[in-house]
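Here the structure comes first, spelled out in C-alpha cells, and everything after it is commentary.
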Amino acid sequence: MSNHSVRPQNAITEGVIWKQLLSFFFPILLGTFFQQLYNTADAIIVGKFVGKEALAAVGGSTATLANLLVGFFVGLSSGATVIISQFYGARKPEEVSRTVHTAAALTLAGGLLIMVVGLIFSPAILRLMGTPEDVLPGAITYLRIYFCGMVPSLVYNIGTGVLRAVGDSRRPLYFLICACMVNILLDVLLVVGLDMGVAGAALATVLSQLVSGVLITLSLLKAHDAYRLLPKRIRFHGDLLSRIVRIGFPAGMQSVMYSLSNIIIQTAINGFGTDVVAAWTAYGKMDGLFWMTIQAFGVAITTFVGQNFGAKRYDRMRRSVKVCFGMATLATVTLSAVLLLGGGVLLRMFSSDATVVEYGLRIIRTLVPLYFTYICIEILSGAVRGTGDTLIPTLMTLTGVCLLRVLWISFVVPKYHQLETVLYSYPITWTITSVMYIVYYFKGKWMERGLKMRQE
C-alpha cells in the first residue's frame with residue numbers, strides 16, 4: 001500500500017540493548033504507575049471520606065471479578081501485539097495493517113460482550129464469593145457502573161498494545177497521565193463534593209477510561225505508518241484472527257485461571273471479615289507497585305523478542321533476555337525494601353483504622369520478602385511469547401500457579417485456618433513455576449516452535 005511505510009531504522013533491532021530496554025521500559029512503567037494511581041485514588045478517597053466498607057467495595061472482590069473478564073480479553077489481544085511486532089520487525093507493512101484492523105474489530109466485539117456479561121452476572125458472582133453483607137451493595141453498584149465503560153477501556157488496552165508493538169511506549173503514557181488527572185479530579189468532585197460515594201468513584205473511573213480510549217484512537221487514526229487505523233477497514237481477517245486467537249487464547253485463559261485462583265483466595269480472605277478485606281484491598285494497591293514494574297519488564301521483553309525474532313536477530317534476542325532479567329531483579333530488590341520499610345505509612349494513607357493497618361502489616365511482612373520468586377515467570381514467559389509460543393508457557397503457569405494454588409486453598413487452608421496460610425499460596429506457587437520456566441527456557445524447544453509458527 002502506497003500510504004504505508006516502515007521506518008528505515010528500528011532501535012529495538014539495532015540499538016544498544018540496555019539503553020533501548022530502559023527507554024522502552026520507563027514509559028511503560030510510568031504508564032502502569034498512572035494506571036495504578038487512578039485505581040488507587042478511588043481507594044484512598046473512598047476509604048478516607050466514605051469508610052472501610054466502601055474501601056472494601058471498590059477493591060477486593062470487585063477488582064478480582066473485573067480482572068477475570070478484562071484479563072481474558074487483554075490476554076487474547078496480546079496475540080495481536082506479538083504478531084504486529086513480528087511483522088513490523090520483518091518490515092511487512094500490509095500484514096501490520098491487516099492485523100491492526102482485525103484487532104480493532106475484536107476489541108469492539110469483546111468490549112460489548114464483557115459489558116453485557118458483567119452487568120448481568122456480577123451480583124450473583126459477588127454473592128458466590130462470600131462478599132460481606134455490609135460490602136455487597138456498594139460492590140454491586142461499583143461493578144455495574146464500571147462494566148459500562150468496557151469498550152473505551154479495551155480500546156485503550158489494544159491501542160496501547162499496537163503502539164508498543166511498533167516500539168512506541170511514550171504516547172500511551174501521555175494519554176494515561178491525562179486520564180489519571182481526570183480521574184482524580186472527578187473522584188474529588190463526585191465522591192467528596194457531591195457525596196456520591198462508591199457510585200461516584202466508579203463513574204470517575206469510567207469517564208477517565210473514555211478519555212484514554214478517545215486519545216489512543218485519535219493517535220491511531222492520525223498515524224503515518226503501517227499501523228494507521230482506517231475505520232472503513234475494520235473487520236475480521238480470518239487468517240489473522242486465527243493466528244491472534246492461537247497465540248492470544250492461551251494467554252487469555254492463563255489470565256482467567258489466575259483470576260479464578262485469585263477469586264478463590266479472595267473468597268478465603270472474605271471469610272476473615274471486613275477488616276481483613278479492607279487491609280487486603282489497601283495492600284493490593286501497594287502490591288501494584290511491584291506488579292506494574294515486573295509486568296512492564298515483561299511487556300518490554302516480549303516486544304524486544306518479537307521484533308528481533310521477526311528480524312531474525314536471534315543472538316540479540318537472547319542477550320536482551322539476560323539484560324532484562326538483571327534489571328528486573330535489581331528493581332524487585334529495591335521495591336521490596338521500600339515496601340518493607342514504608343509499609344505502615346503507606347497503609348495509613350488508605351485507612352486510619354488500627355486493626356486494618358495491623359492486618360496490612362502482617363500481609364506485607366509475609367509476601368513482600370518473597371517477591372523475587374516471581375521474576376523468572378514474568379521475564380522468561382514474556383520472552384517465549386515474543387516468538388509466538390504461548391501454549392506451553394500457559395500450561396506451565398496453569399499447573400504451577402493456578403492449580404497448585406487452588407489445591408492449597410482447598411486442602412491446606414481449612415486445616416490451618418490462618419491468614420498467613422492463605423498468603424503462603426503465592427510464594428510457594430511462584431517458586432515451583434519459576435523452576436519450570438527455567439528448565440523450559442534452557443531445555444525446551446520454544447525457538448523451534450516459534451520458527452514453525454512463523455512459516456505457517
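The values are calculated or read from the model by the stated rules, or taken from the named source; none is laboratory data. Not measured: the values here are computed from a predicted model. Here the Cβ positions follow ideal geometry from the backbone for every residue, glycine too, while neighbour counts run over all protein chains shown. All accessible areas refer to the heavy atoms of the entire protein, side chains included, with ligands and DNA or RNA removed. Shrake-Rupley method; radii C 1.70, N 1.55, O 1.52, S 1.80 Å.
General observations
- With every protein chain in place and a 1.4 angstrom probe, the accessible-area ranking of Asp353, Asp195, Asp187, largest first, reads Asp195, Asp353, Asp187.
- Pairs of Cα atoms nearer than 8 Å and 6+ residues apart set the relative contact order; for the stretch 285-366 it is 29 percent.
- Using θ = phi - 60° and Karplus 6.51 cos²θ - 1.76 cosθ + 1.60, couplings along the stretch 173-178 (whole Hz; Gly, Pro as x): 5, 4, 5, 6, 4, 4
- Distance between modelled label sites at Leu340 and Arg127, nm, 7 Å Cα→Cβ extension: 4.5
- Answer label for Cα extents along the principal axes in Å (calculated), chosen among (i) 99, 69, 62; (ii) 62, 47, 36; (iii) 90, 54, 44: (ii)
- All C-alpha pair distances within the stretch 48-201, sorted into 5 Å bins from zero, spread as 2, 9, 16, 16, 16, 15, 11, 7, 5, 2, 1, 0 percent across the bins.
- The mean of 1/r over all pairs of different alpha-carbon atoms in the stretch 70-113, once inverted, gives a Kirkwood hydrodynamic radius of 10.8 Å.
- The stretch 184-320 - percent relative contact order, Cα under 8 Å, separation 6 or more: 8
- Ordered from longest to shortest, the equivalent ellipsoid semi-axes for the stretch 126-283 are 33, 23, 13 Å, each the square root of 5 times a Cα gyration tensor eigenvalue.
- Modelled spin-label separation between Leu113 and Asp225, with each label point placed 7 Å from Cα along the Cα-to-Cβ direction: 2.9 nm.
- At q = 0.25 Å⁻¹, base-10 log of I(q)/I(0) for the stretch 333-438 (Debye sum, equal scatterers on each alpha carbon): -1.20
- Percent accessible area from carbon and sulfur atoms, the chain, protein chains only, probe 1.4 Å: 68
- Whole-number accessible area per residue in Å² for the stretch 204-274, which is evaluated in the context of all protein chains at 1.4 Å: 42
- Sequence-distant contacts, meaning Cα pairs under 8 Å at least 6 residues apart, place the relative contact order of the chain at 24 percent.
- For the stretch 322-391, the solvent-accessible area of protein heavy atoms averages 41 Å² per residue (probe radius 1.4 Å; ligands and nucleic acids excluded).
- Projected onto planes of every orientation and averaged, the convex hull of the alpha-carbon atoms in the stretch 95-164 covers 5.4 nm².
- The helix-only estimate of mean residue ellipticity at 222 nm for the chain, built from DSSP H runs of length n ≥ 4 each weighted as -39500 (n - 2.57), is -27000 deg cm²/dmol after division by the residue total.
- Cα-based Rg and Dmax for the stretch 273-319, where Dmax is the largest Cα-Cα distance (Å): 17.9, 54
- Along each principal axis, Cα extent of the stretch 298-352, largest first, Å: 55, 18, 5
- When the residues Glu378, Glu94, Glu358 are ordered by accessible surface, computed with a 1.4 Å probe over the protein chains alone, the sequence from largest down reads Glu358, Glu94, Glu378.
- About the Cα centre, charge dipole magnitude for the chain (Lys/Arg +1, Asp/Glu -1 at Cβ), debye: 1720
- Ranking of Arg365, Arg449, Arg164, Arg171 by solvent-accessible surface, largest first: Arg365, Arg449, Arg171, Arg164 (1.4 Å probe, protein heavy atoms only, all chains present).
- Taking the alpha carbon gyration tensor of the stretch 246-331, multiplying each eigenvalue by 5 and rooting it gives semi-axes of 35, 17, 8 Å, largest first.
- Pairwise Cα inverse-distance average, inverted: Kirkwood Rh of the stretch 338-391 (Å): 13.4
- Descending semi-axes in whole angstrom, ellipsoid equivalent of the stretch 198-315, from the Cα gyration tensor: 35, 22, 16
- What the Cα atoms of the stretch 395-456 give is an Rg and a Dmax of 16.2, 52 Å.
- Inter-centroid distance (Cα atoms) of the stretch 212-288 relative to the stretch 61-105, Å: 10
- Measuring only protein heavy atoms, the 1.4 Å probe finds Lys222 accessible over about 140 Å².
- Reachable aspartates and glutamates from Lys445, criterion Cα separation under 19 angstrom, eight or more residues apart if same chain: Asp315, Glu378, Asp389, Glu456
- Of the residues Ser169, Leu404, Val256, the one whose Cα sits farthest towards the positive end of the charge dipole of the chain is Ser169 (charges of +1 on Lys and Arg Cβ, -1 on Asp and Glu Cβ, taken about the Cα centre).
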